[in-house]
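The structure under discussion appears below in the form of structure tokens.
The values are calculated or read from the model by the stated rules, or taken from the named source; none is laboratory data. These numbers come from a predicted model, not from an experiment. Glycine gets a Cβ as well: all are built from the backbone with ideal geometry, and neighbour counts include every protein chain shown. Heavy atoms of the whole protein, side chains included, go into the accessibility calculation; ligands, DNA and RNA do not. Shrake-Rupley method; radii C 1.70, N 1.55, O 1.52, S 1.80 Å.
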Amino acid sequence: MGALLAVLWPLERLNTGLLAIGRAISVGLLAIMVCLSLGQVFFRYALDNAPNWTEEGARFCMLWLTGLMAPMAYRRGGFVAIDMLERALPRLLSGVFTLLLLGLSLWVLVTFIEKGINNHVFSLTGRGASPSLRLPLDWVGGERIRFRNSWAYMSLVTGMALLILVNIEMILRQLVALLGGADRLTQLAETD
């Protein structure tokens with residue numbers, strides 16, 4: 001169990017740090033997304049002339065917001081779960097069942113990250129560019145750069161990579177709990 005804890009604690013700290021950075025970025029993205037959406041509604045209905053890039057900008061923010069916040073929700077148990085079988089089984093059997101489900105989840109996440117990289121980020125669609133969203137580098141003497149589709153698809157890859165790290169942490173935590181060290185684990189979910 002000591003070896004498991006020696007691997008778990010640094011991974012736990014890494015995940016805590018990465019998820020805190022993701023949360024801070026997500027707060028900013030949420031604010032930008034809301035401003036873009038409200039601005040589009042205002043310009044569409046009040047002035048009858050909405051900028052064509054606001055909807056795409058809000059969608060870009062929402063994709064990254066989801067990719068950065070999903071790992072935090074997963075780590076804290078915020079995803080929808082049907083746990084009737086887990087609760088009905090004896091403690092040891094329930095722990096082994098949870099470990100099997102976490103292993104299956106890891107396999108799915110690894111498959112998704114591979115598909116995200118190969119089928120979207122580095123594919124023909126990833127090399128495409130946004131029709132309306134541009135980085136205004138002309139404000140600082142540069143040239144306007146169109147947003148690449150791969151920048152949006154990287155939210156999928158980033159989210160899956162963070163989910164894989166969290167999933168590995170959850171597997172290690174479950175192994176420690178099965179070996180009788182649950183009292184040595186830090187609590188992840190906030191209590192009411």
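Out of the range 89-107, which residues are open to solvent by less than 100 Å² (accessible area, probe 1.4 Å), free of Cβ contacts under 8 Å to residues at least 60 places away in the same chain and either more than 22 Å from residue 186 (Cα to Cα) or under 22 Å from the mean Cα position of the chain (by Cα) (or both)?
89, 90, 93, 101, 104
Name the residue, out of 77, 126, 103, 142, that is small (Gly, Ala, Ser) and at pLDDT 85 or above.
After applying the criteria, what remains is 103.
Counting just the residues of the range 53-78 that are more than 24 Å from residue 150 (Cβ to Cβ) and out of contact with any helix residue (DSSP H, G or I) (no Cβ under 6 Å at 6 or more places or on another chain), which one comes out most open to solvent (accessible area, probe 1.4 Å)?
In this case the residue turns out to be 76.
If residue 71 passes every condition in (1) over 28 Å from residue 157 (Cβ atoms); (2) under 15 Å from the mean Cα position of the chain (by Cα) but one, which one does it miss?
With respect to (1) over 28 Å from residue 157 (Cβ atoms); (2) under 15 Å from the mean Cα position of the chain (by Cα), residue 71 is out only on (1).
Just for the range 44-64: of the residues that are of a type in the set (Phe, Trp, Tyr) and assigned to a helix (DSSP H, G or I), which one is nearest to residue 129 (Cα to Cα)?
Looking at residues that are of a type in the set (Phe, Trp, Tyr) and assigned to a helix (DSSP H, G or I), I get 60.
If residue 50 passes every condition in (1) under 28 Å from residue 161 (Cβ atoms); (2) surrounded by 15 or more Cβ atoms within 10 Å (Cβ to Cβ); (3) at pLDDT below 90 but one, which one does it miss?
(1)
Being without any contact (Cβ under 8 Å) to a residue 12 or more places away in the chain and farther than 26 Å from residue 2 by Cα is the requirement here; does residue 86 meet it?
No; evaluated as a whole, the condition is false for this residue.
Can you tell me how many residues within the range 1-47 are of a type outside the set (Val, Ile, Thr), in contact (Cβ under 8 Å) with a residue 60 or more places away in the chain and open to solvent by 30 Å² or more (accessible area, probe 1.4 Å)?
4
Residues checked against (1) farther than 27 Å from residue 28 by Cβ; (2) part of a helix (DSSP H, G or I):
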position	(1), (2)
66	no, yes
77	no, no
82	yes, no
95	yes, yes
98	yes, yes
107	yes, yes
130	no, no
157	no, yes
